[in-house]
Amino acid sequence: SRFYVRMNKADFTKIKWRKKMNKKVLVVAAHPDDEILGCGATILKHILDGDFVHILIMAEGITSRQEIRDVENNKDNLLLLHNHSYVVAKKLGAEKFTMLNFPDNRMDSIDLLDIIKPVEKIIENDNIEIIYTHFINDINIDHQITHKAVVTAARALPCRNIKQILFFETPSSTDYQIYSDVHSFTPNWFVDVEDFIDRKIEILKEYDSEMRKYPHSRSYDGIKILAQYRGLAIGRKYAEAFVLGRNIL
């Protein structure tokens, strides 16, 4: 009888200890604003739960607006945008923030291996368990390449601790794709974000220069309407939706 009581106590202590362990989350976004558009409310939920979050932005986000890439003449605009990205990461509560400055909408000009390596390094250094990144069939080429790089970097090696890989939708990219012989974004993983949607919209204002007027899908109203629509699928007021790539229990 005494032995039985002791075993229960030990098991209970172990369960409590496990609950205190924070999850280690990596969000990999192609451009400044994709991180909050795709999963900003979910990040806020992770932070509230005490999880570690590292936000990684792959490309600089501006120079594709001219025919020829000109970093020097866009130096001030790049600095301003990247400062906004840093502020967004802080407001979301991320522990770490990294920007790699790959060429905007020209990531297909870079060897894929050179894109994979820095992602792989972060996964290993931070012992990442959960990854959020872009859906493979977004219309934006940088989103597609980021997806491929992350999936490769997160391959299931025995030494890795990755439990989940989730792909988010990005307004004005995922929804702008014309689906014919490719798979559409069909979410099968939902996060109830009723408590976080207003904060997401508020933080998104840091990227006001990237936002558009309604009825553009990348508008403040459009973002909230999308969250309402995704919420309907699970009987909630607001949700962020994902496609599950991997889940290990």
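The values are calculated or read from the model by the stated rules, or taken from the named source; none is laboratory data. From a predicted model like this one, the values you see are computed outputs, not experimental measurements. Backbone-built Cβ (ideal geometry, glycine too); neighbour counts: all protein chains shown. All accessible areas refer to the heavy atoms of the entire protein, side chains included, with ligands and DNA or RNA removed. Shrake-Rupley method; radii C 1.70, N 1.55, O 1.52, S 1.80 Å.
Scoring Gln164 on the criteria (1) among the polar types (S, T, N, Q); (2) open to solvent by 50 Å² or more (accessible area, probe 1.4 Å); (3) closer than 19 Å to Lys24 by Cα leaves a single failure, condition (2).
Where strands (runs of 3 or more DSSP E) fall wholly inside region 125-193, the ranges with 1 or more residues that are among the hydroxyl-bearing types (Ser, Thr, Tyr) are 130-134. Looking only at residues of region 41-75 that are part of a helix (DSSP H, G or I), under 20 Å from Leu100 (Cβ atoms) and not β-branched (Val, Ile, Thr), we find that the one that is most open to solvent (accessible area, probe 1.4 Å) is Arg65.
For first residues located in region 165-178 and over 13 Å from Pro215 (Cβ atoms) and in contact (Cβ under 8 Å) with a residue 12 or more places away in the chain, partners that are assigned to a strand (DSSP E or B) and among the basic types (Lys, Arg) and lie 6+ apart or on another chain with Cβ distances below 7 Å form the pairs Ile165/Arg246.
When the residues of region 218-234 are filtered to those that are part of a loop (DSSP other than H, G, I, E, B) and either open to solvent by 60 Å² or more (accessible area, probe 1.4 Å) or of a type in the set (D, E, K, R) (or both), the one that is nearest to Lys45 (Cα to Cα) is Ala233. Taking region 212-243 as the range and being in contact (Cβ under 8 Å) with a residue 60 or more places away in the chain and out of contact with any Cys (no Cβ under 7 Å at 6 or more places or on another chain) as the test, the residues that pass are Arg218, Ile223, Ala227, Tyr238, Ala241, Phe242, Val243. Residues in region 107-144 that are out of contact with any strand residue (DSSP E or B) (no Cβ under 8 Å at 6 or more places or on another chain) and of a type in the set (D, E, K, R): Asp108, Asp111, Asp114, Lys117, Glu120, Lys121, Glu124, Asp138.
Quick one: Ile139 ticks every box in (1) surrounded by 13 or more Cβ atoms within 10 Å (Cβ to Cβ); (2) within 30 Å of Lys117 (Cβ to Cβ); (3) out of contact with any Ser or Thr (no Cβ under 9 Å at 6 or more places or on another chain); (4) of a type in the set (A, V, I, L, M, F, W, C) except a single one, so which number is it? Among (1) surrounded by 13 or more Cβ atoms within 10 Å (Cβ to Cβ); (2) within 30 Å of Lys117 (Cβ to Cβ); (3) out of contact with any Ser or Thr (no Cβ under 9 Å at 6 or more places or on another chain); (4) of a type in the set (A, V, I, L, M, F, W, C), Ile139 violates only (3).
Close Cβ contacts (under 8 Å, 6 or more residues apart or on different chains) running from residues in region 136-162 that are without any contact (Cβ under 8 Å) to a residue 24 or more places away in the chain to residues that are in a loop (DSSP other than H, G, I, E, B) comprise Gln144/Ile136; Gln144/Asn137; Gln144/Asp138; His147/Phe135; His147/Ile136; His147/Asp138.
Can you work out which of the residues in region 79-90 that are under 21 Å from the mean Cα position of the chain (by Cα) and either touching a residue at least 24 places away in the same chain (Cβ under 8 Å) or under 18 Å from Phe102 (Cβ atoms) (or both) is most open to solvent (accessible area, probe 1.4 Å)? Applying the filter and picking the extreme gives Tyr86.
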